[in-house]
Amino acid sequence: MIFGKCPKCDQLVTSLTGSTIKMTIDETIFSAVTLNCPLCLTVLGAQIDPIAVKADTVDEVIDGLKS
Ligand SMILES: [Zn+2]
């Protein structure tokens, strides 16, 4: 398996840590996660929180079935 290096601490990144954060897109607030180097905590990426998206989708489907 090939691992990339953290651009800040120059160590191989073999795993990630994450934290939750809010992301604003066009004035709409979404739950998001940051993907961090486990050694120096540099943010290597961020994305919409897939668990929050799943929960919101389930809630919307349940609401749709009730109406
Ligand atoms: Zn690092």
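The values are calculated or read from the model by the stated rules, or taken from the named source; none is laboratory data. Everything numeric here is computed off the predicted structure, so don't read it as measured data. Cβ coordinates were reconstructed from backbone atoms using ideal geometry, including for glycine residues, and neighbour counts include every protein chain displayed.
A few remarks follow.
- Subset of the range 34-57 that is in contact with a Ser or Thr (Cβ under 6 Å, 6 or more places away or on another chain) and in a strand (DSSP E or B) - its residue that is nearest to the ligand (Cβ to nearest atom): N36
- Every listed requirement among (1) in a helix (DSSP H, G or I); (2) at pLDDT 95 or above is met by C9 save one, (1).
- Odd one out for F3, checked against (1) modelled with pLDDT under 95; (2) away from the ligand (no atom under 15 Å from the Cβ): (2)
- Residues in the range 13-33 that are surrounded by 13 or more Cβ atoms within 10 Å (Cβ to Cβ) and part of a strand (DSSP E or B): G18, I21, M23, F30, S31, A32, V33.
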